[in-house]
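Heads up, the thing below is written out as C-alpha cells.
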Amino acid sequence: MNLYLEIVDVHGREILDSRGNPTVEAEVTVKSNRDGWLYTGRAAVPSGASTGQFEAVELRDGETRYRGLGVQHAVKNINDKLKSALMGKNALTQVYIDRILIETDGTINKENIGANATLGVSMACARAAAQALHLPLYRYLGGINTQQLPVPMMNILNGGKHASNTVDFQEFMIMPLQAENFADGLRICAEVYHCLKRILHNKGLSTGVGDEGGFAPDLPDAVSVLDTIMEAIKTAGYKPGSQICIALDVASSELYHEDTGMYHFPGESSLTGQEVVRDTSEMIAYYESLLERFPIVSIEDGLAEDDWDGWKQMTKRLGDKVQLVGDDLFVTNVKRLDAGIKLNVANAILVKVNQIGTLTEAFEAVEMAQKSGYRAVISHRSGETEDTIISDIAVALNAGQIKTGAPCRSDRVAKYNRLLRIEEELGTASKYFDIFAAQRK
C-alpha cells in the first residue's frame with residue numbers, strides 16, 4: 001500500500017513577530033492511510049523591514065488595527081480559499097501542493113492570496129509530512145545527502161533600517177571559518193559578540209541592539225565600525241582573516257535615490273556636517289578600499305536592485321576577490337536569478353523563503369544557483385518568529401551559509417540552537433568547512 005497523507009484540515013491564525021507586528025501562522029493536519037493517525041505541522045512566516053520592490057506581496061489589511069499591519073485577510077485566505085483547494089490532497093507531493101497554492105493565487109507576485117498566506121501553508125505541509133514519516137524536517141526536505149552544517153554569517157552590529165543609529169550599512173557580520181564544527185563556530189562568534197559589547201561600553205557607546213540583535217551604536221562610518229569589530233576579534237583571542245572573516249550587508253537599495261542616481265549616506269552626513277553621496281563607481285571603489293584594509297569575504301546588496309550595469313561592473317572588478325550576494329537584486333526569484341547568471345552579475349544569492357512564497361520556488365532558486373556555480377545563503381528576516389525552519393532548510397540544501405542574526409533575542413538564538421541539535425543528530429556524518437578557503441589563497 002502506497003503511503004497517502006490526506007490533508008484533512010488547513011488553518012491560519014494571526015500571531016506576532018519579533019518586532020511586535022502581526023504575521024501569519026498556518027497549520028496543516030494530515031491523516032495517514034497506514035496508521036490512521038493525525039499529524040499536524042505548524043509554521044510561522046517572517047517579515048522584512050528592508051524589502052526589495054520585486055518581492056512577492058506580503059498581504060496586509062491596511063485597516064486601523066495594528067496600524068494597518070494586520071494579516072486577517074491573509075488568514076481568511078488560508079482558512080477559506082487555500083483550505084478548499086488542498087482538502088484531500090496528498091501532503092507528500094510538495095511540488096504539487098505548492099503548484100496548487102500558486103495557481104489558487106493566480107498572480108505573478110501572489111498579490112491575491114498573499115505570499116505570507118501561501119508560504120505558511122507550504123511550510124506547514126512539509127512539517128506535517130515529516131512528522132507523519134517520523135523524519136526530522138531537514139531529512140525529509142533534503143534526503144540522504146543532508147550533511148553540511150552552515151557557516152554562521154553572524155550579525156553583530158546593526159545599522160540602516162534595522163537600527164536607529166548613524167550607521168548606514170545595514171549589517172556587519174562575522175564568519176568563523178576555521179572552526180572545528182558548527183558548535184565551535186557558534187561559540188567563537190558568541191565570544192566575539194560579548195567582547196564587542198564590552199568594548200562599546202568602555203567607549204561610552206550604546207550597547208542597545210537592533211532588529212536582529214546586533215549592537216546599534218552611533219559610529220561615523222563603515223571604517224570605524226570595522227575597526228571596532230577587528231578590535232573585538234583580537235580581544236577575543238582570534239586572528240582576523242584566518243580564523244574569523246567579515247561579511248557586510250550594505251542594503252544599498254535603501255541608500256539609492258532614483259532622482260539623483262546616487263547613493264546617499266545620511267549617517268555619515270549627519271556626523272560630518274556635509275552631505276555624503278557616492279555614485280556607482282565610487283561605491284565600487286569604496287568596497288575595494290575596504291577589501292584592501294579588512295578581511296571581508298562577502299558583500300551583500302552592494303548596489304541597488306535595478307542597477308544591473310553597476311552590478312556587472314562590480315562583479316567584473318570584485319567578483320574574483322569577494323562573494324557578491326544578491327538579495328534585493330534576485331529576491332529568491334528564478335527569473336531574476338537567471339537574468340543575473342546570463343549577465344554574469346553577482347556570484348551568490350540570498351534565499352528568503354517569504355520573498356517568493358513557497359518552499360518549491362525557493363528550492364528551485366537554490367538549485368539554479370548551485371548548478372551555475374553561485375553560492376546560496378539561507379536567511380532570516382528582521383521580523384522573525386520562534387520558527388526554526390530555515391535551519392533545517394540550510395542543512396537540507398547543503399547551502400553552507402546561514403544568516404540568522406546575533407546570539408541575542410530568542411527568535412535568533414532558536415535557529416542556532418536548532419542547528420546544534422541537527423549537528424548532534426548527524427554525528428560523524430556532519431561536515432563543516434571553510435567555504436572561502438580557495439578564495440582567500
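I'd like the full set of residues that are of a type in the set (Gly, Ala, Ser), under 26 Å from the mean Cα position of the chain (by Cα) and over 18 Å from PRO152 (Cα atoms), limited to the stretch 219-268. Step through it out loud before you land on a result.
Looking only at the stretch 219-268, we keep the residues that are of a type in the set (Gly, Ala, Ser), and these are 222, 224, 232, 236-237, 241-242, 247, 251-253, 261, 267.
So of that shortlist, the ones also under 26 Å from the mean Cα position of the chain (by Cα) come out as 222, 224, 232, 241-242, 247, 251-253, 267.
ALA222, SER224, ALA251, SER252, SER253, GLY267, listed by residue number.
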Filter result (open to solvent by 50 Å² or more (accessible area, probe 1.4 Å), part of a loop (DSSP other than H, G, I, E, B) and in contact (Cβ under 8 Å) with a residue 12 or more places away in the chain) within the stretch 93-111: ASN109, GLU111
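So in the stretch 180-227, with the set limited to residues that are among the polar types (S, T, N, Q) and assigned to a helix (DSSP H, G or I), which one is surrounded by the fewest Cβ atoms within 10 Å (Cβ to Cβ)? Even if it seems obvious, please write down each step before you answer.
So the first thing to find is which residues in the stretch 180-227 are among the polar types (S, T, N, Q), and the list is 181, 202, 206-207, 224.
Adding the requirement that they be assigned to a helix (DSSP H, G or I) leaves 202, 224.
Values: ASN202: 8, SER224: 13.
Checked the stretch 180-227; the qualifying residue surrounded by the fewest Cβ atoms within 10 Å (Cβ to Cβ) is ASN202.
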Those residues of the stretch 316-326 which are in a loop (DSSP other than H, G, I, E, B), open to solvent by 10 Å² or more (accessible area, probe 1.4 Å) and of a type outside the set (Gly, Ala, Ser), in sequence order: ASP320, LYS321
Residue within the stretch 36-48 that is within 21 Å of THR404 (Cβ to Cβ), modelled with pLDDT of 95 or more and surrounded by fewer than 16 Cβ atoms within 10 Å (Cβ to Cβ) present: no
Among the residues listed as VAL395, VAL366, the single one being touching a Phe, Trp or Tyr at 6+ places or on another chain (Cβ under 6 Å) and surrounded by 21 or more Cβ atoms within 10 Å (Cβ to Cβ): VAL395
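A quick yes/no check of all residues on (1) at pLDDT below 95; (2) under 26 Å from the mean Cα position of the chain (by Cα); (3) not aliphatic (A, V, I, L, M):
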{"site": "SER50", "(1), (2), (3)": "yes, yes, yes"}
{"site": "GLN53", "(1), (2), (3)": "yes, yes, yes"}
{"site": "ASP61", "(1), (2), (3)": "no, yes, yes"}
{"site": "TYR66", "(1), (2), (3)": "no, yes, yes"}
{"site": "VAL71", "(1), (2), (3)": "no, yes, no"}
{"site": "ALA85", "(1), (2), (3)": "no, no, no"}
{"site": "THR93", "(1), (2), (3)": "no, yes, yes"}
{"site": "ASP98", "(1), (2), (3)": "no, yes, yes"}
{"site": "ILE102", "(1), (2), (3)": "no, yes, no"}
Every residue from the stretch 398-441 that is buried (at least 24 other Cβ atoms within 10 Å of the Cβ) and either free of Cβ contacts under 8 Å to residues at least 40 places away in the same chain or of a type in the set (S, T, N, Q) (or both): GLN401, THR404, LYS415
Failed item, numbered, when SER379 is tested on (1) open to solvent by less than 20 Å² (accessible area, probe 1.4 Å); (2) in contact with a Gly (Cβ under 8 Å, 6 or more places away or on another chain): (2)
Subset of the stretch 10-35 [open to solvent by 40 Å² or more (accessible area, probe 1.4 Å) and either under 23 Å from THR93 (Cα atoms) or in contact with a Phe, Trp or Tyr (Cβ under 6 Å, 6 or more places away or on another chain) (or both)]: HIS11, LYS31, ASN33, ARG34, ASP35
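Tell me the residue from GLY302, GLY310 that is within 21 Å of GLN170 (Cβ to Cβ), small (Gly, Ala, Ser), surrounded by fewer than 24 Cβ atoms within 10 Å (Cβ to Cβ) and at pLDDT 95 or above, please.
Values: GLY302 fails: surrounded by fewer than 24 Cβ atoms within 10 Å (Cβ to Cβ).
It is GLY310.
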Residue within the stretch 247-261 that is among the aromatic types (Phe, Trp, Tyr) and in a helix (DSSP H, G or I) present: no
The lone exception for GLY373 - which of (1) at negative phi; (2) open to solvent by 10 Å² or more (accessible area, probe 1.4 Å) it fails: (1)
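The values are calculated or read from the model by the stated rules, or taken from the named source; none is laboratory data. As the structure is a prediction and not an experimental result, all values here were calculated from the model. Glycine gets a Cβ as well: all are built from the backbone with ideal geometry, and neighbour counts include every protein chain shown. To get the accessible areas, we keep the full protein, side chains included, count just its heavy atoms, and leave off ligands, DNA and RNA. Shrake-Rupley method; radii C 1.70, N 1.55, O 1.52, S 1.80 Å.
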